[in-house]
Each structure stands twice: as structure tokens, then as C-alpha cells.
Amino acid sequence: ILEREERPKWDNKAQYLLTCIGFAVGLGNVWRFPYLCQIYGGGAFLIPYLIALVFEGLPLLYLELAIGQRLRLGSVGVWNSISPLLGGLGIASSIVSLLVSLFYNTILAWVLWYFFHSFQNPLPWSSCPLNVNRTGYNVECEKSTPVDYFWYRETLNITDDIEISGSLQWWMVLCLVSAWFIVYICAIKGIDSIGKAVYVTSTFPYLVLTIFLIYALTLPGATDGLVYLFTPEWSTLLNPQVWLDAATQIFFSLSVAFGGLIAFSSYNTERNNCERDAVLVGVINSATSLYASIPVFSILGFKANNAFLSCINENILALTNEFEMPDQNITVDNYDHWVNYLNQTYPDQFSKVPLNDGCDRQKFLDESVSGTGLAFIAFTEAVIAMPGSQVWAILFFVMLFSLGLSSMFGNMEGVLTPIRDLKVLPKWLPDEIFTAIVFILCCAVALIFALGSGNYWVEVFNSYVGSVPLLIIALFELIGVIYIRGMKTFSDDIYFMTGRRPNIFWKACWMVISPLLLLVVFIFYVAVQARKHPTYPAWNPDYVDFPKTETKSYPDWVFAIIVLLCSVPVIPIPLVAIYRLIRRIMRRSSHHADSNPYNNYAFEG
Amino acid sequence: MLDKILFLLCLASALADERCMPDTPHGFQVRLSIKTALGDEAYVWNENEMFLFRASLAFAMRNHMNGQQFEVSNIIVCNETMRVSFWFIVTSPLDTSQLIDQENVEAAIRQSRNRINSAFLLTDKTLEFVDILPTLATLYTHPTPPWLIVFGVVMGAVGAGIIIMLVSSVVQKKRKTNGKPQDKDDDEETRVKTVENGDAHDGVHNMSFSEDERFTKM
């Protein structure tokens, strides 16, 4: 009687889909896509974005889901099955997943920190703390803003250079450990627990986004932000950088090449329509990006409006005081008229008034932020101005946490599933303990991000781990499945699973279009990155132009680490191939020698 | 007689007016922004409001310099504008020709700033004493930071959850190993049954020994 190993499987289709969607939909949908829309001419950006989705994103997604479901193994096992020479591909995916998990969870730790602090009235980032002798506000906070100060000083306690590591910030360590604990409790039983957790973590962000959408549209200035976002500037389409960014955004947004999607689909039943799943996940991911950009831009418009109003009001006060006019004679509406009149009638006195020339609505809207700057600086500033700030802050940070948590599941499964499938673990080790050990190790390594220079390291990891290695892995995945396994065998696989062969569109994409696109993106990406010595923005209170960040270039040892981060994940690909080749040649040569029955070594000289 | 009194009064008032002037070294400028603060509920600035101001300033002086009985007449106001801004100086109650120096006036106003603001329903920003910086309100520092409380609650729940799940899985495994010898016979029978039914959904279809089509062509 055969010893059948029970591979865990999803309770129902909805769990699987929610997990994949949760993995794909992450923080980038909220804080990277709207930024790209803003700087690349609003509505016009959707064109390269959708083209990239259809010709690059969906084929890759379909490929990964299909191969995982067919071969029913994690990323390492899948590539070993296709060809032993490709075994390194799975290892590369796992290494990338591991490295990404480390810094991604740090971002979740930051979100947790802000969440914990949203239960105060007034919010701690709404005002500056007093200085030591209580005669004024803290200098660093006064020169920048309370929001900046809370982020850079009270949260990160950032050093002014990546070389200065500072010390471990105990509060950050606490939040980091909490974040790892929370991911652990959701992933403790593999997909049994993940499948249940995603019912909440994948759906809750949509609820919050809808709430924010409805509320943000009622805020003053929201329509300015939306008009600004969606007004298409068709001239940007001529810039190749736009197409490059669209392709990279789709690629990273769908979370392919991490091995997580292969792991998730390997737990499916064999006969599952993975073509429909792939299209569904891809379309929902892009739709979520679009949907999220509406409240984000409404709120940014509101914030720009507030900044504009406070700028104007400062000028109004200065004018009112200088000319001793009754209070509120000059309002925001008749400001321009009054300025002209006063300038003409009393030019000498008018020139003495210190007016802020930069009160331009467009200028405030042009300030583009993405990433942590959007969440922890721009958004927190907007939240202070909303009535009921605490509620909005709590909702926002819980939403960010859910988005990141569901992505973390995919990252960690991309690490855990291959190790489980390799069967290198002793039988007496329960699965939960093995998961705990991996988590404890990850948490320990991630402590570097809790140092004073932690944010700089997160930037390093974010820019270099989650970019070039993934492109290389995806390229090899395409080649491996389509050319090494063969288009015919793969079509048979899909026929077996879904009942019909892939149509001409998929075939054309897999064989020609997607590899070409990926190659072009990869070459351009490396060319753009290699053109200049990499720099980073440092928060240095002693800088001449403080509160602007100081652009510093990475020291050599950091540069070496960057090179390592780009190359270590992809080195297994050639290494394993060479290793297996050598083994095969040696076995063949020894096989040859033994197979000659007439070769009697005893009589040779 | 009347002429002399009149002349002295004129002199006195002239003297008072002379000492109170813009940029006087003995007084301060005050700016009120009533409409900005109160919007529709703004009151009109008139002589009565000015009287209240002088009275509240006298009150502040009394609080600061104990014993001296300042009166409304000791507060002299001049250069009132439509902005609602004016200058004021304070004379000593014991000798009206003497002015109280700036430091004392400033200290008095600082001390009673809150009361003066409340009398006019204004704030430090909308009732501005030019060159007198408002004392900064110290933020309430909690004995235990609230974030630690939230952290404790969340982590307590998560930790309890982890322990429960670990314990329950251990209990389940024990139950399985205890119940396994009895169930093994049943399992074998069911397994045979499923194979007989040709339902091979959980197995791995071995493609190497089958032809292209899963089912033989008709």
C-alpha cells in the first residue's frame, strides 16, 4: 500500500484567490502607483501601465500559477522537476523572498508604531515638543515640521549617515518583534491558518479604502487633487522612462518571481482553471491600484489646499497688521485684488511687508511623495486636519498593516514551502516549531533595521533586492518553462488542468513578447542604475539646507553590500547548473567506463 | 481758578498723551483679531470693550505687584486704529507721573494672560501683545505612555493566541496517535475503495506512461 503524503490544500477556492490577491495587493498599490500616476502625467500613465499588464504581467502570472498547480511543489521542487540544471532558480526565489521579508516586516513594524500612537488625543505628531528649558520648541522640530520630527526623530531616531549605525532603538525592537509575532500567529499552521487569516486581511483594506474614498471626496480641495491626478499629459508617453517604470511597476506589483505564487497554487486541486485565476488576480491588482489612488489623491489635494490656505492667511495677517486695516477685510477671495490695490496706492509701505511669494496651489500639488513619505509624513499631516483624527489614523494604519501582512504571507511561504518540500527536516520536528525557528532567525537578522541607520538600510534593500534579481529570475522562469520544459509539454499540462490548450495570445506572449519585454526592461534598468553612483537622502539636522534632506553617496563598503545583494540571490542559478552539469558528465564518464564489458582492468598496464 | 484747573488738566492730559505713543519704551502694542477668532459671533469693538480691557489690565497689574491698587485710570491707551490695535502705558497708582517699566508690565501680563484672553473670548494668537511671547503650554505627559498600553493589549492577545494554537495542535497530535491503531484498518478499506472507484484526484498523475490524451479516443 502506497504511503500517500497528504499535501495541505485550500479549504475552498475563495481562500486561494484571496491569498493570491492579498499577496499581489500590497503597500505598493497604495503608495507607489498613485505617485507614478502623478509624475507621469496622470491619466496618460494608464496606457503604458495597462499594456504592461496585458503583455507582461498576466502571462507571467498565468505561467507561475499553472506550473505550481501542475507540479504541486514549492519553487525549489518545481524547477528541479523541470530540469535539474534549473534547480538554482528555486533557491534564488527563496533567497529573494527571505531578503524581502526582512525589510518588509520592518515597514510593518513602523505601521504598528504609528497605530499604537493613534490612540492619543492630541495625536503626538500634531505639535512640537518643548525644548529642554521650556523656553521654546525643540529646534529640530521647529525648523522642519512636527510630522517630520515625529517620523525621523521619535520613530526612527535616525542618524545622519548610513555609516553611523547608532544603537538599537528599544521601542523599534518591540514593534519589530510584535510584527513578527503577528505574522507568526497567522502563518503558524501554514495555509490552514493563512487561508483563514486572509478572509480579514485581504478584504479589510477594501472596506477602509471605500470609507476613505467617500470621506475624502467630501473634503475641501479633494477635487483639485483628483483633477490634477487624472488630467492626462500625453507628452509623457514619449519619454521611455515612463514605459520602463510602468513595466517595472506591474512586475513588482504582481509579486511574481518570489516563489510565493508557485507555493500557493501548488496547494490547489489539480483540475483548477488557473487561467481564469491568473486573469482575475492580475486585473484585481491593477483595479485596486486605481481604486486606491482616488482617496490618496483626494487627501493629497486636501492637504495642498490646507497648505495654500495657511500660506495665504499668513500673508493676509502681515498685510492687515502693516496697513492697520480692520480684521478680515482681506479674505482669501479678495486677496489678489487687495494686493494689487495696496501695491499701487502705497508702494513703499507695501514693499516693506514680508510676503511669502510661494503661495501657489499648483506648487503644493506638485509636491510628490511616495513610499514611507506618503504614509508617515503626508498622510499623517492630512489626518491632523480632519475632524476625528484618531479614527482616521487608526483606520489608515490598520489598512496598511493588513495590506502588508497579506503580502508577508506570500513572502514567508516562498521561503517555508521549498524547505518543507525538500524534506531536509527531521521527522520529529513539528511544523510549528520549524516555522518558529525560521521566524526567530529572521527577526534576529532584521534587528539591523531597528538601529539608528535602519531606514537607510531598508532603502538599500528595497531598491536593490526587490528589483534586479527578480527580473533575472522571471526571465529564467520563462525560458525554463517555455523552452526547457517545452511549449508542447506545458500546453499539455494546461490542457490537463483546465481542459483546453492555451490560445495564440498566451503562446505569443510566453514565447516572444514577455521575454523580450523583460529583457528590455532589465537592460534599461541596469543601465539607468549603473549610470550614476548611487546616492541616498540623509536626514541631517546640521545640514545647511535643513529641513531638506542631504544627498549623500553610499560609501564603498555599502556599495559592496549592494552588489552582494543583487548578485547573491542570482548566483545559485549558474552555480547549481554548473554543479549538476559536472555531476552529469562525471556520472556519464564513469558509466561509460563501467559499461564496457570487455574492459578488463586487471590486464592493463 | 477755573482757568488754572483747566490749564492743569490740559497739561496733564497732554503729558499723558505724550508718554503714550507708538514705539514707546514704556508700553506695548496690542492687536485684536476678533472676527478671525469668533467669525459670526464677533462682537463690535467699542468704548465699553476698551473699558473692559483697561480693567482687566489693571487687574493683571494688581495681581503682579501686590499691594498697589491699580485703577482703570492708570491704564492709558492711545493710537487706536480700525485694525483694532492700540498702544498702552501703565502709570503707578501712587504717582501718576511715574510709569511702570516694561519688565513689570510684561511679567504682569504673562502671569494673567489666560484671564485676559478669557475676558475677551480670544486666544494668545488673536489677542496679541506685540513682543510678549506667550508662555508655551506644556503637553500633558502621561505616567505610562498610552502606546505601551495598546502594545501590551495587542501583544497579549497575540501571545495568548499563539500558545492556544500550539497547545491545541499538540493535543490534536496526541489524540491522533492514540486513535491511530483503531482507525488503521478502516483507513485501508476506504483507501482501497477509492482506488477501486477510479477516483484518483489526490494522486499524482504519472504522465510518463500515458499517452497524450487522458482518456482513450473513441
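Inter-chain Cβ neighbour count for B:150-157, averaged per residue, equals 4 (cutoff 10 Å, partner chain atoms only). Each peptide in A:503-509, A:374-380 gets a packing score, the mean of other Cβ atoms within 10 Å over its residues, and the list from highest to lowest is A:374-380, A:503-509. The share of C-alpha pairs in region A:423-464 whose separation exceeds 14 Å stands at 61 percent. Entry note, region A:436-574: relative contact order of 26 percent, from Cα contacts under 8 Å with a spacing of 6+ residues.
Each peptide in A:382-390, A:30-38 receives the mean, over its residues, of other Cβ atoms within 10 Å, and ordering these scores from highest gives A:30-38, A:382-390. A cut-off of 5 Å between modelled amide H atoms, ignoring neighbours fewer than 5 places along the same chain, links A:LYS552 with A:TYR536, A:ALA538.
In this structure, the residue pairs whose Cα-Cα separation is over 21 Å, taken from A:LYS532/A:LYS552; A:LYS13/A:LYS423; A:LYS196/A:LYS427; A:LYS303/A:LYS352; A:LYS143/B:LYS35, are A:LYS13/A:LYS423; A:LYS196/A:LYS427; A:LYS303/A:LYS352; A:LYS143/B:LYS35.
Here the Karplus relation 6.51 cos²θ - 1.76 cosθ + 1.60, evaluated at θ = phi - 60°, turns the backbone of region B:154-171 into coupling constants of 4, 5, x, 4, 5, x, 4, x, 4, 4, 4, 5, 5, 5, 5, 5, 5, 4 Hz, with x for every Gly and Pro. With contacts taken as Cα pairs under 8 Å and at least 6 residues apart, chain A reaches a relative contact order of 32 percent.
Based on Cβ point charges of +1 for Lys and Arg and -1 for Asp and Glu, what charge dipole magnitude is obtained for the protein assembly as shown about its Cα centre, in debye rounded to the nearest 20?
On the way: 56 positive and 75 negative charges, 697 e Å.
Dipole magnitude for the protein assembly as shown comes out near 3340 debye.
Can you sort A:ILE262, A:ILE188, A:ILE164 by how many other beta carbons sit within 10 Å, fewest first?
Working: A:ILE262 32, A:ILE188 21, A:ILE164 13.
Ordered from fewest to most neighbouring Cβ atoms within 10 Å, A:ILE262, A:ILE188, A:ILE164 come out as A:ILE164, A:ILE188, A:ILE262.
For chain A, the normalised intensity computed at q = 0.06 Å⁻¹ comes to -0.37 (log10 of I(q)/I(0), Debye sum over alpha carbons, equal scatterers, no solvent).
Cysteines in chain A lacking any other cysteine Cβ under 4.7 Å from their own Cβ: A:CYS20, A:CYS37, A:CYS175, A:CYS186, A:CYS274, A:CYS442, A:CYS443, A:CYS509, A:CYS566.
Less than 5 angstrom separates the built amide H of B:PHE28 from those of B:PHE88, all sequence-distant by 5 or more or on a different chain.
Counting, for every residue in B:79-85, the Cβ atoms of other protein chains within 10 Å of its Cβ and taking the mean gives 4.
Kirkwood-type hydrodynamic radius, region B:15-70: 13.7 Å, calculated from all non-identical alpha-carbon pairs.
Over region A:288-431, what is the relative contact order in whole percent, taking alpha-carbon pairs under 8 Å and six or more residues apart? Could you put the intermediate results ahead of the total?
Details: 52 pairs, mean separation 39.8, N = 144.
The normalised contact order for region A:288-431 reaches 28 percent.
Residues whose amide H lies under 5 Å from that of B:ILE100, counting only those 5 or more places away or on a different chain, are B:VAL90, B:THR91, B:SER92; hydrogens are built 1.01 Å from N in the peptide plane. Shape verdict for region A:308-350, please, from the Cα gyration tensor: rounded (a/c under 1.5), prolate (a/b greater than b/c) or oblate. Judged from the Cα gyration tensor, region A:308-350 comes out prolate (a/c at least 1.5, a/b above b/c). Of all DSSP bridge pairs formed entirely within the protein assembly as shown, close to 100 percent run antiparallel. The fraction of all Cα pairs in region A:300-412 landing in successive 5 Å bins from 0 to the largest distance is 2, 10, 15, 16, 12, 11, 10, 8, 6, 4, 3, 2, 1, 0, 0, given as whole percents.
Spatially, region A:291-315 and region A:494-552 are offset by 31 Å when compared through their Cα centroids.
Overall shape: prolate for region A:274-333, with the ratio a/c of the largest to smallest alpha carbon gyration tensor axis at 1.5 or above and a/b above b/c.
Is region B:17-129 rounded, prolate or oblate when judged by the Cα gyration tensor, a ≥ b ≥ c being the square roots of its eigenvalues, rounded requiring a/c under 1.5 and prolate requiring a/b larger than b/c? Before the final figure, lay out each step's value.
Numbers: a/c = 1.94, a/b = 1.49, b/c = 1.30.
Prolate, since a/c reaches 1.5 and a/b exceeds b/c.
Which Cα, out of A:SER453, A:VAL100, A:ILE419, lies furthest along the positive dipole direction of chain A (beta carbon charges, K/R +1, D/E -1)? The Cα lying farthest towards the positive end belongs to A:ILE419. The calculated 222 nm mean residue ellipticity attributable to helices in the protein assembly as shown amounts to -19500 deg cm²/dmol, summing -39500 (n - 2.57) over DSSP H runs of n ≥ 4 and dividing by all residues. Size of region A:464-535: Rg and Dmax of its alpha carbons, in Å, are 15.7, 52.
Highest-first packing order for the peptide set A:479-492, B:48-61, A:329-342, A:448-461 is A:448-461, B:48-61, A:479-492, A:329-342, based on the mean count of other beta carbon atoms within 10 Å.
Counting neighbouring beta carbons within 10 Å and listing from fewest to most, the residues B:MET21, A:MET586, A:MET172 come out as A:MET586, B:MET21, A:MET172. When you work out D = kT/(6 pi eta Rh) for region A:395-546 at 4 °C and 1.567 mPa s, using the Kirkwood radius from C-alpha pairs as Rh and the Stokes-Einstein form, the result is 64 µm²/s. Note on B:26-38: average number of Cβ atoms from other chains within 10 Å of each residue's Cβ is 2.
Computed from the coordinates by the stated procedures, all read-outs in this text should not be read as laboratory data. These figures come from a predicted structure and were not determined experimentally. Virtual Cβ from ideal backbone geometry, glycine too; neighbours counted across all protein chains shown.
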